[in-house]
Amino acid sequence: MKGKNSKMELLGSAPIPKALMALGVPIMIGMLINALYNLVDAYFVGGLGESPMGAISIVFPLGQVVVGLGLMFGNGVASYLSRLLGQGDRDTANRAASTALYSSVMVGGVLIVFAAVFLRPILAVLGATDTIMPYALTYGRIYVISCIFNVCNVTMNNIVASEGAAKTTMTALLLGAVLNIGLDPVFIYVLDMGVAGAAIATAISQAVSTLVYLIYVLQKKSAFTFRFQEFRPTMQIYAEILKIGIPTLTFQLLTSLSIALTNREANGYGDAVIAGMGAVTRITSMGTLVVFGFLKGFQPIAGFSYGAKKFDRLREAVRTSVLWPSAFCIVVGLLMALFSTQIVSQFANGNSGMIAVGSKALFANGLSFFLFGFYTVYSSLFLALGKGTKGFFLGACRQGICFVPAILLLPKVCGINGILYAQPIADVFSAVITIFMAWQLHGEIRESSR
């Protein structure tokens, strides 16, 4: 009980810097390690050649779609849970958490079976070339099935974060990531399993993360019980989950779509371009996942403060959460831009085509990354406050509303440069839109606090 009370204190009364550090930093570290193992994965697979590297780039968006289901239920219910805890309604919170978890596993299982059965045509649509396809099938058959663990992990990640148990999330992410980093070279090279070894290493690490969450629940450390009899698929609970969850799923689908469209546009330029852009995606994910991890601590504070009508606390949390991630994004963006060639070279195994494409794209993405923290704080804030429609629109800008026209039109005008610069251009337009929506939101908060 003492642990549960301390979590509520962090959400409701602890100084904002202390609360953000306590709730955000552990998840941020876990997600940073998670991003690191994605990079290590790419590093070891990159040593096999450009076609295997291209294969994991092709399969990546498919896995993101499946994981998006976990995010739909997990992130959707997290906002609701934080507000319920702020209002002191534990019974409804228990039912909502259980419904979200069991729903995500059931729906995720159905999608995984579908993806496994139709894997080859799906990979073709995602842009696999004839030379990439054999590696993509080998990697994808194992990776897609293992996504059932990731669906569970992502759902629990959000639920556990909503109750302030950031260290548990960090532990789950860290154990999985460290294990994957250690197993990759063993399965890929020592056991000579190639891309299949990379997929098996990922599957084992995801299963271990699931085990961490299972132990957490069985030891009754959670504020929620997750009893199956509390699984209540009612219209009210689903409405609350889905009004935030559907925008979150859409964001994830747009992320997958943006990668798939980039791969399809790059298809005509060869495996080196697909592999180079895939490396850039993994590198930039190091920065984006750190910001997302930090904001996992910000969201429950924002949702709790809004539900408890502590508007001064909410405004302070927003100010601090804009400042810290923005400073981080500027530093990381500069490093990516200044050392783009050296960074990409680590994943290219001497392939000059990959290096030329990847370094140019990473330079541009590094500069536009300056804006990512500001944009992401507000897209997260709308969802945390239960403003699903506006959150949906803003969240869809960066890799949907602004990106899709850019990736479809620019390559026709600028050739390969249109592929390389589509995301940075979308980032700039998204930041401009965020300025106007943030100004409007703060006006609404002022009105509510009167």
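Within the option set VAL344, VAL322, being open to solvent by less than 20 Å² (accessible area, probe 1.4 Å) and either within 20 Å of ALA161 (Cβ to Cβ) or touching a helix residue (DSSP H, G or I) at 6+ places or on another chain (Cβ under 6 Å) (or both) holds for one residue only, VAL344.
Looking only at residues of the stretch 399-426 that are in contact (Cβ under 8 Å) with a residue 60 or more places away in the chain and closer than 23 Å to VAL377 by Cα, we find that the one that is surrounded by the most Cβ atoms within 10 Å (Cβ to Cβ) is ALA422. Taken over the stretch 146-175, the criterion of being more than 22 Å from ILE241 (Cβ to Cβ) and modelled with pLDDT of 85 or more is satisfied by SER146, LEU175. Going by the conditions given, is LEU323 in contact (Cβ under 8 Å) with a residue 12 or more places away in the chain and assigned to a helix (DSSP H, G or I)? So LEU323 fails the test.
A Cβ distance below 9 Å, combined with a sequence gap of six or more or placement on separate chains, defines the contacts here; from the stretch 236-263, residues that are within 16 Å of ILE401 (Cβ to Cβ) reach residues that are of a type in the set (Ser, Thr, Tyr) and open to solvent by 60 Å² or more (accessible area, probe 1.4 Å) in the pairs PRO247/THR389. When you scan the stretch 378-411, how many residues do you find that are charged (D, E, K, R) and more than 22 Å from PRO61 (Cβ to Cβ)? Residues in the stretch 378-411 being charged (D, E, K, R) and more than 22 Å from PRO61 (Cβ to Cβ): 2 in total. Of all residues in the stretch 10-48, exactly one satisfies the criterion of being modelled with pLDDT of 80 or more and outside any helix (DSSP H, G or I), namely LEU48.
The values are calculated or read from the model by the stated rules, or taken from the named source; none is laboratory data. This is a predicted model, so every value here is computed, not measured. No Cβ is skipped: glycine too gets one built from the backbone with ideal geometry, and neighbour counts run over all protein chains shown. In case anyone asks, the SASA skips ligands and DNA or RNA and just uses the protein heavy atoms, side chains included. Shrake-Rupley method; radii C 1.70, N 1.55, O 1.52, S 1.80 Å.
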